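Trainee: My questions all concern the structure below.
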Amino acid sequence: MARREALLGPRKGEIRAKVMEELEEPEEPFSPFAPATIQPSAMRPGSIQAPQAIQVASPSPTSSFIGLDDIPMVDSLYIIIPPDCGGAVGPTRVMSGLNNNYRVFNKADGSVVSTVGTATFWAPSGETALNGLTDPRTLYDPYNNRWIAVMQTVTTGAGDILLGVSQTSDPNGSWFLYRFPIGFTLDFPIVGFNKNWISISINRYSNVGLFQRGINLVVDYGQARAGTGTGTLFTLASNTHFCSAPVATYSATEDTLFVVTHLSSTGATYSVDLITGTPSAPVYTAGGTLTRTGGGWAQPGGQLLPQSAPNSGTSACSPPCLIETQDAQVRSAPVYRGGSLYYTQTIGLPAALMTHTAVQWTKINATGGAFQDGGRIEDPTATSTNGGKWYAFPHIANNSLGDFIVGYSQWSSAQHSSAGYSMHLNADGAGTIRDPLIYKAGRTTTTRTSGRAGIAGGTSARRRWIRPTTARCGWCRSMERPASERTTARPERTPAGGPPTGQASRARRR
């Protein structure tokens, strides 16, 4: 990255905005297990339906620094809307990725090591649609000491998946970069890994923007670390696997790579798919329908999240514009640790007549997928006008001690959208999570109504990284923003030796 940054020529011209068209999410299918009528869930202390406020503070950060600003691409002066917040943390470095740029920081003090435009970073892969890059995803693998980066292109009918694997533990060093030409309209990749594979799920659409099915690119991880990008593309059943989420596997020995999919809000159902086999010949097995204990919730969707009026002037809407909440899908990589899977989602409550959104966390057994524990971060009194707190866009991380942290955005008609987290320590009771800690308050009203995971309102779009006092794993990131039916049929497998045209299993490397 440092060498590529040095090769950048002088920037010329005016800053140009480029708005990425966002494809519509399909309506959530009704599960056959959904009740005929929706009844309000029982709200009793300690139950998983109840708001999990145990009136114990989450640990405060020990350190915090400003991350990557939502500045124009340093290589072209384009500024992509929305920025799509992403990043990961390693032993000594933090790598932050937006649609515009990547930036590497020193973990100890937040000093900037390098900044490079996403187009410059991915150009050696052979990608030519460098003005159509979006949805950066970044992970750090502590067992192989490698960084994993993913982006996609938005070319109608000819989307590519881009994969990068660092050659060392330093993201500022050399990378192996691969381009997988998928040949369809694509949106919203989610990436996970284990010792055998990197799994990238993504939604496939028709050329007119209708969701068709989920697909999953499974890449031989050992080969990718050695400089050869070889993968298998699994095409899942029609109208299934929307926003399926491969798991980030924190284990040096786990052979199975798990994929979690939310199915139904009213039925509180989900599935767990399995990727097994050998690194060069993976097998994808779709799981059956499982039910989360505690009852269902309402499916959020559309522009729901409230915010307060701007600091000066007037809002384009009255009351101030509501922000898109997206849906209840699992939209960030779940985590595997110690035989369990952890994931989060945004949900609407109460189930019978939604008045607000909450963040829900779930822990399930990796073997069989049975529910083990779960809870919610919620203000049960909140409405869109009374100043109560709404929660959305969550992500979860945990450590080897059994502690976990849930990061999210907080919204209210009486405040600007803000970024916070809640923690559960290993000794805390089942189904509980500590009180929200807002570590970055929003600065003013967000004027763009289409939200993205991890976005919080603010006048200068930049990321803030924090580390709570007790967490070995606990780094959070936030972004401040400026003024179907299930099937158990085996998916189609594209063999590594002979994929159809437009579905290459071997990527180009530079």
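What follows draws every value from the coordinates through simple rules; no lab data is involved. This is a predicted model, so every value here is computed, not measured. Please note: Cβ atoms are built from the backbone with ideal geometry, for glycine as well, and neighbour counts cover all protein chains shown.
Trainee: For the range 140-224, which chymotrypsin sites (Phe, Trp or Tyr not before Pro) are in a loop by DSSP, counting at most 16 other Cβ atoms within 10 Å?
Mentor: Within the range 140-224, the qualifying chymotrypsin sites (Phe, Trp or Tyr not before Pro) (loop, at most 16 other Cβ atoms within 10 Å) are TYR143.
Trainee: Another one. Roughly speaking, what is the centre-to-centre gap between the range 272-338 and the range 363-428 when only Cα atoms are used, to the nearest Å?
Mentor: 12 Å
Trainee: For the range 103-236, what's the relative contact order in percent, using C-alpha pairs closer than 8 Å and at least 6 residues apart?
Mentor: 15 percent
Trainee: Same structure again: Under 29 Å Cα to Cα from LYS440, which lysines show up? Leave out anything in the same chain fewer than 8 places away.
Mentor: Once the sequence-local lysines are set aside, what remains near LYS440 is LYS18, LYS107, LYS363, LYS389.
Trainee: Now for a separate question. Count the net charge of all other residues whose Cβ sits under 14 Å from the Cβ of ILE347, scoring Lys and Arg as +1 and Asp and Glu as -1.
Mentor: Cβ neighbours under 14 Å give a net charge of -1.
Trainee: Sorted by average packing, counted as other Cβ atoms within 10 angstrom per residue and highest first, what order do 274-287, 152-165 take?
Mentor: Result, highest mean first: 152-165, 274-287.
Trainee: Treating only the Cβ atoms of Lys and Arg (+1) and Asp and Glu (-1) as charged, compute the dipole magnitude of the range 307-437 about its Cα centre; round to the nearest 20 debye.
Mentor: That gives a dipole near 120 debye.
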